[in-house]
Amino acid sequence: MRKQILIVGAGFAGMWAALSAARLADKHDNQAIDITVIAPQPELRVRPRFYESHVETLVSPLMPLFDVTGVTFLRGTVSDIHTDSRSVSWKDADGKTHQHPYDRLILASGSHVNRSFVSGVEAHAFDLDQLESAAVLEKHLHSLASQTESDARNTVVVCGGGFTGIEMAMELPGRLRDILGSNAKTRVVVVERGPQPGSRYSEELRNVVIDASNELGVEWMVNAEVESVDAAGVTLKDGQRIASSTVIWTVGVQASDLTAQIDAPRDRQGRLHVDTNLQVIGHEEIFATGDVAYAATDDKGNHALMTCQHAILLGKFAGNNAAASLLGVEPSPYRQEMYVTCLDLGAWGAVYTEGWDQQVKLTREEAKKLKVSIVSELIYPPKAERTAAFEMADPYAPFV
């Protein structure tokens, strides 16, 4: 009887899990394993670039790649995981519900921004969480040109000073000039509850962010938290008011709600605890990867972050190990000791760091060239060539 590897999600982790599982099955000449991906669309959406314009172009089709590697794709959304019967319920594009069995489940369903815990965010704030919501923001930004000039029209508030918030804020001065004209008196404000810009990062990286902010005219309101958002702007918990027609929410990222359907330990972001093979604790038939996995990257206490950098390798190891468990071969323990950051800082350039202590190695144009290479080439799927795709899907293949 054919064995079923079912992968939920076609983001970085899900795509690479599918290719890696197919690679190992092919390597062992095994024709008795079916590999199936269920996701809303057969395309990789290059999420780290949603702070840029023309977001509708930031996709890469996956069907040619899946076809040549023998991966089956089902267009739909998984609603329920039935761990007792080893199956999932999913709805297709017409809303019809189906069941799909699994011998191994790889959960790669990603994460989302939690917009529900601050009043008015769901109704009045924009986000970069998905391509569709980023497209709504882009359309809104262009509509500002037809509005009557005012402080609110010219002011954008970015809630949250993490990597997403920083990249969006640094991009905005240039985008607003393009839309409103070079003479418009625009204002970009980052609301950050930390004591200084980039306070959660190394001093070296923090100083670069501060320098770039000063040069681009991006303001930071630190030690500040949002009390509420409405159609006219933002109210902070200390009573301050910022008039703005554009509020962008970048905080409160949580793992997919599907993780709650598995009776297993989770962290504060909802990520499932996994062992070194990325098997969910207490569920040897379920693997978690990407943004839904709380996975140790090394023996020093570091854990994978919700980044494409980690999702790509997590996906490769999860797919490999799920297939290995069915083929009766040794798994490959997940390790990712090298950690880098490459942060886009708009017209200022970019900054590249190495190590968990974030040592700055490149800045400005040198770092910008690297950033462009990463987001335009390195993180994209391989070509739809079976041999090349399988070579890249090897968990131990060099990433660069």
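A Cβ distance below 8 Å, combined with a sequence gap of six or more or placement on separate chains, defines the contacts here; from region 140-153, residues that are closer than 15 Å to residue 234 by Cβ reach residues that are open to solvent by 60 Å² or more (accessible area, probe 1.4 Å) in the pairs 151/187; 153/147. Looking across region 128-157, just one residue is open to solvent by less than 30 Å² (accessible area, probe 1.4 Å), among the acidic types (Asp, Glu) and either part of a helix (DSSP H, G or I) or modelled with pLDDT of 95 or more (or both), and that is 138. Assess whether residue 222 counts as being of a type in the set (Val, Ile, Thr) and either modelled with pLDDT of 95 or more or farther than 30 Å from residue 288 by Cβ (or both). Spelling it out, residue 222 is indeed of a type in the set (Val, Ile, Thr) and either modelled with pLDDT of 95 or more or farther than 30 Å from residue 288 by Cβ (or both).
Does residue 245 meet the test of being open to solvent by less than 60 Å² (accessible area, probe 1.4 Å) and farther than 24 Å from residue 342 by Cα? Here the answer is yes, as residue 245 does meet what is asked. The set of residues in region 9-50 being assigned to a strand (DSSP E or B), of a type in the set (A, V, I, L, M) and out of contact with any helix residue (DSSP H, G or I) (no Cβ under 7 Å at 6 or more places or on another chain) consists of 38 alone. Of the residues 382, 333, 398, the single one that is open to solvent by less than 20 Å² (accessible area, probe 1.4 Å) and in a loop (DSSP other than H, G, I, E, B) is 382. With respect to the conditions (1) under 30 Å from residue 364 (Cα atoms); (2) acidic (Asp, Glu); (3) out of contact with any helix residue (DSSP H, G or I) (no Cβ under 7 Å at 6 or more places or on another chain), residue 344 falls short on a single one, namely (3). Just give me the residues in region 356-374 being in contact with an Asp or Glu (Cβ under 8 Å, 6 or more places away or on another chain) and either basic (Lys, Arg) or in a helix (DSSP H, G or I) (or both), in sequence order. Correct list: 361, 368, 371. Just one of the numbered conditions (1) part of a helix (DSSP H, G or I); (2) touching a strand residue (DSSP E or B) at 6+ places or on another chain (Cβ under 8 Å) is not true of residue 353: (1). Scan region 111-127 for residues that are over 27 Å from residue 311 (Cα atoms) and not in a loop (DSSP other than H, G, I, E, B) and jot them down. Of everything in region 111-127, those that are over 27 Å from residue 311 (Cα atoms) and not in a loop (DSSP other than H, G, I, E, B) turn out to be 119, 121, 122, 123, 124.
The values are calculated or read from the model by the stated rules, or taken from the named source; none is laboratory data. Everything numeric in this text was worked out from a predicted model, so none of it was measured. With ideal geometry, Cβ positions are generated from the backbone for all residues, glycine too; neighbour counts draw on all protein chains shown. Just the protein is used for accessible areas: all its heavy atoms, side chains included, with ligands, DNA and RNA removed. Shrake-Rupley method; radii C 1.70, N 1.55, O 1.52, S 1.80 Å.
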